Each structure stands twice: as structure tokens, then as C-alpha cells.
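Enquirer: Once you've had a glance at the structure underneath, I'll fire off some questions.
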Amino acid sequence: MEQQTFYYDNKIVRLFGGVTILWGVVGVLVGLLIALQLAFPAMNFNLPWLTFGRLRPLHTNAIIFAFVGNGIFTAAYYSMQRLLKTRMYSDLLGRIHFWGWQLIIVAAAITLPLGYTQGKEYAELSWPIDIAVALIWVVFGWNMLGTLAIRRVRHIYVAIWFYISTFITIAVLWIVNNLAIPTGWFESYSIYAGIQDALVQWWYGHNAVAFFLTTPMLGLMYYFLPKAANRPVYSYKLSIIHFWALIFLYIWAGPHHLLYQALPAWAQSMGVVFSVMLLMPSWGGMVNGLLTLRGAWDRVRDSAVLKFYVVGVTAYGMSTFEGPLLSLKSVNAISHFTDWTIAHVHIGAMGWNGFMIFGMIYWLWPRLFNTKMYSEKMANGHFWIGTLGMIIYAVPLYWAAITQALMWKEFTPEGFLAYPNFMETVTQILPMYYLRSFGGLLYLIGFLMFAFNTIMTARSGKLIAEEEASAPALEPMKKSRESGETPHRWVERRWVPFTIWAFIAIAIGSIIELVPGFMVKSNVPTIESVQPYTPLELAGRDIYVREGCYTCHSQQVRPFRSETERYGEYSKAGEFVYDHPYQWGSRRMGPDLAREGVVGGPMYKSNTWHYNHFLRPQDVIAESVMPAYPWFISDQIDLEAIPVKIRAMQTLGVPYAEGFDLIAVENLLKQGQSIADDLKSNGIEVEKDREILAVIAYMQRLGVDITKSHK
Amino acid sequence: MANDEQYNQETQDSKLMIDHDYDGIKELDNPPPPWLMYIFYASIVWSVFYVFYYHVYDGPSQIDEYNTEMAEAEADRPVNNFDEENIVLLTDDAAMAEGVKLYASKACDACHGASNIGADLTDNFWINGGDVASVFKIIKYGKAEKGMTPFQSQLTDEQINQIASYILIKLKGAPTTNTKGPEGEEI
């Protein structure tokens, strides 16, 4: 066998690793700011681009796509070259991937605060950026599969199975969930509405967690953990079982985000059972990781890297235990719409994603720069302050969640809600918000120590840009299975069938869950009286999306006494058929708004009330933590966009009459005038084309249609 | 290495898989831990039962659960002996004390104070009538289309009687931040 000499490209690894640190700091910083905003609403500064509703998506997108995204690319570019004994397929594709991804992040960081959003959680980025992400993702996949094609190692190692499944699944999820009709350079309407949109969105949302925050991290773990521990992987068989079970089962579990909501019962049940079945396949990863450390435990004490892995993998085990727990309908009835979900994802993001990435970079940097870690002591310090930060972040939120859920559900002996004023249930948990912000601050301090330590490490050495390596060329081998070769071992040496099998595994659940939502009419029983929004209401809805009101308000009354008493009749699937995109939300920082407009319902407020409330919520509800929206009164509604929006809605099947686009503006101004007149009779002067009128019109429309069928 | 010895002792039963070597990473041929597999199988069996129970044997739907919950709450509701036809103005100190407390805790002033959303309750002008029965009714049933919240699902009839009496006795003529001016008829 001829020995071949080649060079690993370490430059690309350094590039991705460096920006991982940079964007990580930015993401955590924004996280700290929005945590403080919930505790101290003055921190919204009355500036549109600094309000909670716009910054929260910036935080989540920065952590997911910028911090973790670049982290997994660092892992993939470093480990694939070595596991496959080859340089990456193309330096150019790698550079396009790198710069393209950073450009996307910058574009996101500019557009999200400006209010350009699709209004779908974790898929907020506007359509041109979505297209860019899809293209760059394909560049990444191309480079990865190309590298597989030129490899010098016959069998593909488990880390790469996880990378492959990441690439194909994210591509599918991303494209299907983001399909939209543009109505401007950055604006668009999702092609899905109501419960279809909800199903697609959480099929995406949940599997972004699975295939962006989990599978590539497991890939990272399977390379960097045994490397750092210098121990063999505990069980190859377990790798096989948990890999296939994980990717096959994960894709079904999305509807657990929509339990007790207006979703067909069968879809909810899928969400429940597949989440429960996921527990052990997830734990397979944790067990294989922790048992790989057998015999290396004595070194965990001194090595910061191993400590990060131990806590990271344990955090993975904790969140994947909690996930199925939260998917049980009885638990979900309490946890959903509270901070429990927020605490849950932070165990995942801070513990699993964060700590695994920290561990990887602490291990990697001295090797890339051919030097020693600048300060092992500081790395250990980072570990302790990070762990403490995570605990002080999460524990108060669990406490807050349970406290608030119980308050929402408590009734007096007379049969009244014990806390009918929603704000009481928020004020009660504010101390927990101070603590969680402090926990976040500790985590940030640890992060800064990490940044400093890695920069100093890099400066004390010199990058080995081209690392020499050698391996024998791969001898051709016949395609068919050899005697004694297990079927799995056989697929492991053939990357094309492997990729196809992985695709089939994720396609089955996707098709069974999504297709009936589109095809079977009985899934969305129609309600005669549900009509499309008027142009003014539509404009108001777009402002609602722009401001990210869904980050604090849900629009979904679940069939519980505690909710129908507080908000009004429970939500029905047929009520949302014109909602492109749906706005059910996932957290109630403020009350549910699904029945806000129902006259005679428990939520209804007059136009004057809304006007005063948007101008300065604290004038109306003394301790409110809702941001003020003074620009609603100074800013004009974008009238030019109205006909375009109506036409886009018509294309999506919303039954506006032919030619309605031509009279839509006139219609809008007329409705605006009538609200302005009503305000005037209460002593408030406002012009008929102001945004505030659109938002009020939308508020007054919410949940109203269904009451008409009762008459 | 001492580690290796210790390690080999711990894992006497597991063999290295010789042809598995990825950049120096080796794999062992340990079976998956049995407990893990048993719980996994159990979760599959549980799932099958779950789906059968709810979708084949028609276990209670979430709407069924809701109806049960509402029926139970209705059955538990205490009987109401309050006579709404003959409401009397309460004047005792206890009623006044309760009234002021409820007026504050229900944040009536959020609308009836400086925000000018609701009417001035301190003057002699009433849109909906200034006797105790009328004030009782507007608090209990509200006037939704005008923005007055119905309080019947938050306050007992006794409590509403106390607030109404408090408004008519103590609030009348008290200083207010409401600047709407007179509305309705003078009584």
C-alpha cells in the first residue's frame, strides 16, 4: 500500500473557532439584556430596535446559528479531515461557507432589530436571508460529502453519521418551513396558515433542536471526548442503536409543543409517544459518552476540558429526561407557557451546547497553535463560574414557572380565579428574574474568561496552518457485502447508501405527520363565520409580527377552566385559517390575547384603554413589564404595501373579492377614521393613518369571529 | 501506563474491535447496557397502549376532560343567597373597609383615575344611574362595549355591594385624578 502525504487545513478550523467565541459573547450579552428587560421594563429604552420583542429573536438566533452553528462547523472541519484522513474536499467551498455564514449573521443582526421578521420562532430571519442560509448550507454539505468521496479511511465513524444526518435534515426542515410569498424586500407571508403552520413550525422548531443543537453535538462528542480522555468508545453497538433510533424518532416529536392546543388529537398523541420513546435513544448518547470516560475519571479532577465534557454530557442527559417529561400532557398542562420551557432550553444551550464547545476549543487551541493553554487555572475558573451561573440561572426559573402556573390555576372557594389580575402572577416572580439575570451575568463572565484565555493561547503560539499527515491510499473494494461483514458495517463503508438511509429515516415521520395536515380536510373543521382580516387589521397584525409581540403573548386558549375563565372560550382549529403565519406563541409573559376583542368577554378593553396602554403600559397597569410603543402614534401605516399584501393573501387562497386590492387603502382609512373618531370622543386626537389604529383594530378583532356563529 | 492497567481490569469483559481505528479512536464491543434497552422497549410498549387507549378505545378527548372539569366546578359552586332585587346601601365601617380594599385590589383606578378611560366616580353625575342598585349592576355586569369590565366572575355579590356602597358614601367628593368632567345626569 502506497503511503500518501497530505496536509490538513487548520486555517478554516481557526476561522470557525474564532467566530464561535466572538458571536457567543454577543449572543450571551443580548441574552443578559433581555433578561434584564423582563425584570426592569425601562431597559427597553422606548426605542423600537431595543425592545424585548425584537431582541429576543436576535438572542435565540445568535446562540443557535452564530454560536452553536460556528461551533459545530469548527468541530466538523477539524474532525472530518482527521477521521477521513484527507484534507477537506475544497478550500474554496470552505471559504465560501465561512464568509457566507458570517455575512448571514451580520444581516440577521441588522434586520432583526429593525423588525424584519417572519414571526415564526427560531425561523424569524427574512426570506432573502433564508435563501442565503439554504445556499450556504448546501455549500457546507457539498464540501462534506465531497470529502467523504475522497477519503482514505474505508469506514465512516459514528461522529460523521451524525454530521450527515445533520446536513440532510436541516436542509429539508429549513426549506419546507420557510416557504413564503414575499411582499417586499424583507417582508413575506408564510404559505402555511393556522394549525398547518403550527405543525410545520414545530416540526421544524423541535428538529432544529434535534439536528442543529443535538446531532452535530453528538458528532462533536464522539470525536473530541475520546480524544481528550484517550479512551476507546464504550460501545459500538450502542452507537448504532442510538443513532438510528434517535434520528428516526426525533422527527415525529414536534407536536409536543402544541399539546392541549387546537391541534387534531392524533397529532398530539404522536408528539407524546415519540417523545417518550426518545428518552433512551437520547440517553444512549449520554451513556456512551460517560462510560467512555471509564478509567479516565482520575484525570477529570485536573483537566478543565474533561470537566466541561462531564457536565456537558450530563446536562444533555438532564434535558433529554426533562423533554419526555414535559411531553406528558398532564405535565405540559402546567409547564407550557411558563418559564419551565426557558429553564429547560438553557440547561441544553448553556450546559450541553456551551460546555461541549468550551471543552472542544480548550482542547483544540493549544493543538492548533502548537503551544500550551495560556492558563489552565483560568479554564478551571471558567468551568466553576459557568456551572454556578447555569444553576443560578435555571433553578429560579423552575421556581418561577411552578409558582406562576399554580397562581394561574388557583380558584377561590367561591369559584373565582384567585389571581384574576395577570400582573399579580408576574410581580410574584420578579425576584426570580433578578436572580436569573445574575446567573446569566456569571455565565457571561465565564465566557469572557474563555475568550481571553483562548486569545492569549493563540498569541503565545503560532498557527500550524498546514498540518502534515500521511495515510495509505484507499484500495478499491467490491460494493457487495463480504462474508462475515455485518449489514451495518457494510453501509458504513458506502456513504451514498448511508446518506440515503438516513434520509429515509427522517422522511417517514415527516411525511406521515405533515401530509395529512395539508390533504385531509377533517383536520381543520371550517367555521362559517370566520372571515379574512380587514386591511387595517391585517396591517395591525403585521405590526404585531414586526414587534415580536408573540415573544410575550400567546393566542391560544387551552380547554382548561382556569383559561376559559380568564380569557374566554377555548380556541378552535378553524379560527386560524387566515393566519399567515400563525401567532400562538409559546410563553405568556403577558396574558393570552386570543379573545382580546370579544365584547363581553373577560379580556375586552376599550379603544381608549388600548391607546393609553400602548403609549405607556405602566400608566394603566402599574407594575406592567410590557414595553411602551410610543412610535405607534407617530408612525404612519405603510399604505403602499397594502395592495401588495392583499394580492399575496389572495394568492395564498384568502378569499378577498376580485379587485379588493384596489379599494383596500380606502377601506383601511375608513376603518381608521372610525377608531380615531371613537378616541376623539374620549378626548384623544390621532390621525387616521397611524399605526396605533391598526394595532387597536387587530386587538379588537382577535377571537371575535367565532362569537358571531353563536348568535 | 497505570491507567491502562486499571482500565483493563475494569473492562476485562470488553474487547477492543481491532479493525475500528479512527484517527486513533478505538471502539469496544460492549453490548448496550441492558437496563437502557429494557426501558426503551417498555417505552415502545407504553406508546402502543397509549395510542390504543385514546384512539381505538376512544379514551377521553381534551374536550371531554374540559367538560368534566367544568361540571365539577359547577357542582362545587357555593349556593348564592344574595337578593339582587333588594340591594341595600351598606353604611357600617366593616363594609367601608372591605370596599376600599377591593377598590384598590381590583385596580378600578387604572380606568377611573388619571387615564380617563372610565367615568369620574367622585362627582354627582352618573351615566348608568346613581342609586346603589344601578351602581351594583354596572359593576357586576359591566358595560363591555364601552370598556367597563364585568366583575361578576371576580367578585361575590356581597363584595360588589360593599364596593358600590363605598363608592356612593366615601368616594363621592373625594379628590380624584380623573379629569373627564361630568358625564351623564346629575343626581
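Enquirer: Quick one: which residues, 5+ away or cross-chain, put their amide H under 5 Å from the amide H of residue B:26? H built at 1.01 Å from N.
Expert: Counting only residues 5 or more places away or on other chains, the set is A:233.
Enquirer: Please build a GNM for chain B, connecting alpha carbons under 10 Å apart, and tell me which residue among B:82, B:52, B:151 fluctuates the most.
Expert: Judging by the Gaussian network model, the answer is B:52.
Enquirer: Using Cα springs under 10 Å in a Gaussian network model of chain B, which residue among B:31, B:60, B:150 shows the largest mean-square fluctuation?
Expert: Residue with maximal mean-square fluctuation among B:31, B:60, B:150: B:31.
Enquirer: Normalised by the empirical 2.2 N^0.38 Å for globular proteins, what value does the Cα Rg of segment A:535-708 take?
Expert: The reported ratio for this selection is 1.02.
Enquirer: Spelling out what I want: for every residue of segment A:177-187, take phi, set θ = phi - 60°, compute 6.51 cos²θ - 1.76 cosθ + 1.60 (Karplus), and round to whole Hz; glycine and proline get x.
Expert: The phi angles translate into 6, 8, 4, 7, 9, x, 10, x, 4, 10, 9 Hz.
Enquirer: Pick from B:58, B:21, B:131 the residue whose mean-square fluctuation is largest in a GNM of chain B, springs joining Cα atoms under 10 Å.
Expert: B:21
Enquirer: Over the Cα atoms, compute the radius of gyration (one decimal) and Dmax (the largest Cα-Cα distance, rounded to a whole number) for segment B:86-186, in Å.
Expert: Cα-based Rg and Dmax for segment B:86-186 come out at 12.4, 35 Å.
Enquirer: How many angstrom lie between the C-alpha centres of segment A:541-564 and segment A:611-675?
Expert: Centre-to-centre distance over Cα atoms comes out at 17 Å.
Enquirer: Determine the distance separating the Cα centre of segment B:92-127 from the Cα centre of segment A:198-252; give it in Å without decimals.
Expert: Distance between centres, Cα-based: 60 Å.
Enquirer: Assuming 0.36 nm per residue, please report the length gained on full extension of the stretch residue B:174 to residue B:42 beyond their Cα-Cα distance.
Expert: 40.5 nm is the gain from fully extending residue B:174 to residue B:42.
Enquirer: Mind jotting down the distance between the C-alpha centroids of segment B:143-178 and segment A:4-35, whole Å?
Expert: First find each Cα centre; the distance between them is then 60 Å.
Enquirer: Here is a further query. May I ask you to derive the FRET efficiency for residue A:464 and residue B:79 from their Cβ-Cβ distance with R0 = 60 Å, giving the value to the nearest 0.05?
Expert: For residue A:464 and residue B:79, the calculated efficiency is 0.10.
Enquirer: Could you work out how far apart the two model spin labels at residue A:412 and residue A:651 are, taking each label as a point 7 Å from the Cα in the direction of the beta carbon, and quote it in nm?
Expert: If labels sit at residue A:412 and residue A:651, their model points lie 5.5 nm apart.
Enquirer: Oh, and also: Do me a favour and compute the ellipsoid semi-axes for segment A:265-330 from its Cα gyration tensor, root of five times each eigenvalue, largest one first, whole Å.
Expert: Output for segment A:265-330: semi-axes of 32, 11, 6 Å.
Enquirer: Continuing with this model, one more query. What angle do you read, to the nearest 10 degrees and between 0 and 90, between the alpha-carbon axis of helix A:11-39 and the longest principal axis of chain A?
Expert: Helix A:11-39 sits at roughly 30 degrees to that axis.
Enquirer: So how tilted is helix A:52-61 from the main axis of chain A? Cα-based, degrees 0 to 90, rounded to 10.
Expert: 20 degrees
Enquirer: Working from Cα positions, state the angle (0 to 90°, nearest 10) between the long axis of helix A:304-326 and the longest principal axis of chain A.
Expert: The helix A:304-326 is inclined about 40 degrees to chain A.
Enquirer: Volume per residue, Å³, of the convex hull around the alpha-carbon atoms of the protein assembly as shown?
Expert: 183 Å³
Enquirer: With the crude spin-label approximation of a point 7 Å out along Cα→Cβ, what separation in nm comes out for residue A:301 versus residue A:424?
Expert: In this crude spin-label approximation the distance works out to 5.5 nm.
Enquirer: Provide the net charge surrounding residue B:54, with neighbours chosen by a C-beta distance below 13 Å and charges set as Lys +1, Arg +1, Asp -1, Glu -1.
Expert: After counting each charged neighbour, the total is -2.
Enquirer: Given just the C-alpha atoms of segment A:633-705, how large is their convex hull per residue in cubic angstrom?
Expert: Considering the Cα atoms of segment A:633-705, their hull volume per residue is 98 Å³.
Enquirer: A further question follows. Can you list the residues, at least 5 places off or on another chain, whose amide H is less than 5 Å from the amide H of residue B:148, using H built in the peptide plane?
Expert: B:143
Every number here is computed from the coordinates shown, using simple stated rules; none is lab data. Keep in mind that this is a model prediction, so the values were computed, not measured. Positions of Cβ are backbone-derived with ideal geometry, glycine not excepted, and every protein chain shown enters the neighbour counts.
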